[in-house]
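For reference, the structure discussed in these notes is given below.
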2 protein chains.
Amino acid sequence: MSPDTLGRLLADLDDIPTITDARIVRRRSRDFFWYSPILNELLSDKSADILVSPRNEAEIIRIAAACARHRVPLTVRAGGTGNYGQAVPLRGGVLLDITALDRIEWVRPGAIRVAAGAKLNVIDAELAPHGFELRMHPSTKRTATIGGFVAGGSGGIGSVTYGGLREPGNILAARVVTIEEEPRVIELRGDAAQKINRAYGTTGIITALEMPLAPAWTWIDIVVAFDDFAEAAAFGQEAALADGVVKKLISAVAAPLPTYFGALRPHCPDGKSIVMAMVAEPSLESFKALLNGRGSITLETPTDDGPGQVPLYEYSWNHTTLQVLKADRSVTYLQSLYPPDRLLEKVAEIRQLFPDEVLPHLEFIRFGGRVTCSGLPVVRYRDPERLNEIIRMHEARGVSIANPHVFTIEDGSRYKRADADQFGFKREVDPLGLLNPGKMRSFVPDGA
Amino acid sequence: MSPDTLGRLLADLDDIPTITDARIVRRRSRDFFWYSPILNELLSDKSADILVSPRNEAEIIRIAAACARHRVPLTVRAGGTGNYGQAVPLRGGVLLDITALDRIEWVRPGAIRVAAGAKLNVIDAELAPHGFELRMHPSTKRTATIGGFVAGGSGGIGSVTYGGLREPGNILAARVVTIEEEPRVIELRGDAAQKINRAYGTTGIITALEMPLAPAWTWIDIVVAFDDFAEAAAFGQEAALADGVVKKLISAVAAPLPTYFGALRPHCPDGKSIVMAMVAEPSLESFKALLNGRGSITLETPTDDGPGQVPLYEYSWNHTTLQVLKADRSVTYLQSLYPPDRLLEKVAEIRQLFPDEVLPHLEFIRFGGRVTCSGLPVVRYRDPERLNEIIRMHEARGVSIANPHVFTIEDGSRYKRADADQFGFKREVDPLGLLNPGKMRSFVPDGA
């Protein structure tokens, strides 16, 4: 951004808090893209020019107007816990920190309306006295925000019961600010709310979300150790299919990945593959009856994600990858979706294809109403060519890949894609193409 | 029973209330088997010799001991709402009315322990202040008991979310009294509790049950009218698969069946097929978004099953058949299970096979963790041969039938069969073969 433009922008922003210190702005312009050696190379030098921290929606409207007026790109950032550079500005401009917008507007039985910058763990803590909680959260619950989750997420802990955010009913409504010289505020309800799901903030600045809630059970963290990964996967599928057993998480992790599991390590016997589960306390006995002695339970404790604790879910989903990366930066990962009808067969087939190179980690989920699993395998990284070959070998066998080594919505999302006209909507809310430019690759702004 | 035996039995029963008036005993020896013209012929002259009404488990133990001592058959009866003669004594003896055993032992978050004779609607009313309800109930909720449901049921309203009683976790524990000269009391927990599931009381006298609970949402009764049954079925499947939409009932009923629907008739336009649904209030908007204008909503009202009301669920499951039978005694019904992977295709195939003779009624359920549907079609009855031919034609096309025109567990249950060694267990709890004799066809008592 030219010093002139910056000056005019700053004048327009007036008393809205800003930071222009390049070191700070650059540090905040990052997320967890470094899980991918490919993204790390592409994104590590990217930075916004200015960090702007609005305190309410009125200020966001002023910022959006100023950016439109001066043709300055705007990238929204909250917790910065994404893995695909969703919050990394490719073309400088404004980095919009929305974390001060954290107010809960209301809580009703089964639903909450909350500002987009509210942290997920704070929301759940506020909901607890009402007997409710969010239906799902990423493994980064303790640092991520609801807006960031919806803008980039897709699903997580809870998706074994409710499916992902893309399933009908999992986002009730969203409120967005357009980026125009006279910004509008648009309420998207029902299906229409999918227009902002996993769009990385390219389809409007999300200021508030209405989310459906789940009953807040007392959850029990459980680790079960198995001699063999195939047994762990088979039990995981059975448990996921058991509609009478109330659960929030079923993950199967192959040996030797659990040996990297820090504080959980004592519960991960050498050479064993594990299933990690979160089961509602009243279903615990039924869960064990289903297990029927097939594995050995090495951990059983109520979920505690308070300060100083490491809850089991921080070893699941993409935290599995993180736990390994802490010790070994030579690995990376993939994201896959298995076909529900030939699940275990395909898991075995992929396992055999890459016995040492792709270490299996499966998250059982519902997808389109069917139990299947999303793989987040840890991959011993050689080079981009081999990584692409591994992707092709999965897809040739009917296992879909949502490539986490690209930063565009089109190339990365694949099966995570929401069923909504996000491109058409972008033209409506961001005609100048200023929102997180470059992420929606196929969008060409008006007059460009 | 010989007058001598009866006299000795009465002496042993002492102060336990009994009725021997043949007219009363015969009337209580019946259930709703008359839905089947075949069972009606086979069972209408069956009766116990004496009705015994214990007030607590200690009295049940005394009755069981007396029956064993005098070799008197014992058939348990509660609400008498079954359809396959489960409570009809084939060989006279004692009819054991357990409805006085209706005490709730305890309620904990997510679980209840209750005496077997408690009525389902009373249980739910007691649970309401705790924010819970039973996970599922038959359409006879307002007259049936929990013991009768578990002994004969299989599933019902709620099974679209939790599956049937046979799914792991849907019965937590059962307490049974054996029928021996010195009866024992046995607690069956977890998998073991399946030994009494749909065994018609042949595997012990159930005195208490521990059942898992569901959160008690505010349910909304909804009727959607469609021009075409295929559309209704397709929407039903979509709604059943939508894990983000919290629901308790999804039924699709083909025209002209809804014209028989008494008080619901004004909401059932001529010539239309309907979907009946119970949706949690916070999911109502999502349900409508999913519907997306495909049918027209003709009813939308909170579920009310209080006195004087007819809740929507009393038009679903086997109440659909009853509503038609009220006007037309020439029909009967079947019970079928569709394969989840070719659901709509098979529904269309069966529809085409019997366009006027078999009128489709589908209940969407989860079965083994997969969404499918159980059919309870209304059948224009000709004769037993044709009925059997219709059954064979279903099965030849991969649609399983649980024949409701037979009274034995083996012949009737089929896919409803619990996964447990009920035969082995019967030898343990009823070595003399006195419990509801004739219902477990393949059981031969010791020394017989």
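The values are calculated or read from the model by the stated rules, or taken from the named source; none is laboratory data. Just so it is clear, the model here is predicted, and its values are computed rather than measured. Cβ atoms come from the backbone with ideal geometry, glycine included; neighbour counts cover every protein chain shown. Ligands, DNA and RNA are excluded from the accessible area calculation, which covers all protein heavy atoms including side chains. Shrake-Rupley method; radii C 1.70, N 1.55, O 1.52, S 1.80 Å.
A few remarks follow.
- Helices (runs of 4 or more DSSP H) enclosed by the range A:143-241 - at least 1 residues per element that are assigned by TED's automatic domain parsing to the domain that holds A:Leu344 and among the small types (Gly, Ala, Ser): A:229-241
- Candidate set from the range B:1-20 (those that are charged (D, E, K, R) and surrounded by 11 or more Cβ atoms within 10 Å (Cβ to Cβ)); member that is farthest from the chain's Cα centre (by Cα): B:Arg8
- Test: residue in the range B:259-276 that is surrounded by 24 or more Cβ atoms within 10 Å (Cβ to Cβ) and within 14 Å of another protein chain (Cβ to nearest Cβ): no
- A:Leu376, sole failed condition from (1) crowded, with 20+ Cβ neighbours inside 10 Å; (2) more than 15 Å from A:Ala402 (Cα to Cα); (3) away from every other protein chain (no Cβ under 14 Å): (2)
- Of the helices (runs of 4 or more DSSP H) lying entirely inside the range B:333-441, those containing at least 2 residues that are small (Gly, Ala, Ser) span B:409-413.
- Residues (under 19 Å from A:Arg189 (Cα atoms) and within 14 Å of chain B (Cβ to nearest Cβ)) located in the range A:106-152: A:Trp106, A:Val107, A:Arg108, A:Pro109, A:Gly110, A:Ala111, A:Ile112, A:Arg113, A:Leu134, A:Arg135, A:Val150
- Test: residue in the range B:135-146 that is at pLDDT below 95, crowded, with 20+ Cβ neighbours inside 10 Å and not β-branched (Val, Ile, Thr): no
- Residue ID - farthest from the other protein chains (Cβ to nearest Cβ), chosen from residues in the range B:224-245 that are open to solvent by less than 10 Å² (accessible area, probe 1.4 Å) and of a type in the set (A, V, I, L, M): B:Ala225
- Among the residues of the range B:295-335, the ones that are touching a His at 6+ places or on another chain (Cβ under 7 Å) and hydrophobic (A, V, I, L, M, F, W, C) come to 1 in all.
- The range B:170-199, residues that are more than 15 Å from the chain's Cα centre (by Cα), open to solvent by less than 10 Å² (accessible area, probe 1.4 Å) and of a type in the set (Gly, Ala, Ser): B:Ala173, B:Ala174, B:Ala193
- Options B:Asp356, B:Asp328, B:Asp304; residue that is open to solvent by 40 Å² or more (accessible area, probe 1.4 Å) and over 25 Å from B:Asp221 (Cα atoms): B:Asp356
- Taken over the range A:407-429, residues that are aliphatic (A, V, I, L, M) and modelled with pLDDT of 95 or more amount to 1.
- Residue selected from the range A:101-115 under the condition farther than 12 Å from A:Gly147 by Cβ and outside any strand (DSSP E or B), by the criterion most open to solvent (accessible area, probe 1.4 Å): A:Arg103
- Breaking point among (1) open to solvent by 50 Å² or more (accessible area, probe 1.4 Å); (2) part of a helix (DSSP H, G or I); (3) within 14 Å of chain A (Cβ to nearest Cβ), for B:Pro282: (1)
- Members of the range A:354-399 that are closer than 24 Å to A:Lys248 by Cβ, free of Cβ contacts under 8 Å to residues at least 60 places away in the same chain and charged (D, E, K, R): A:Arg370
- Among the residues of the range A:404-425, those that are open to solvent by less than 30 Å² (accessible area, probe 1.4 Å) and in contact (Cβ under 8 Å) with a residue 40 or more places away in the chain comprise A:Pro404, A:His405, A:Ile409, A:Gly412, A:Ser413, A:Lys416, A:Ala418, A:Gln422, A:Phe425.
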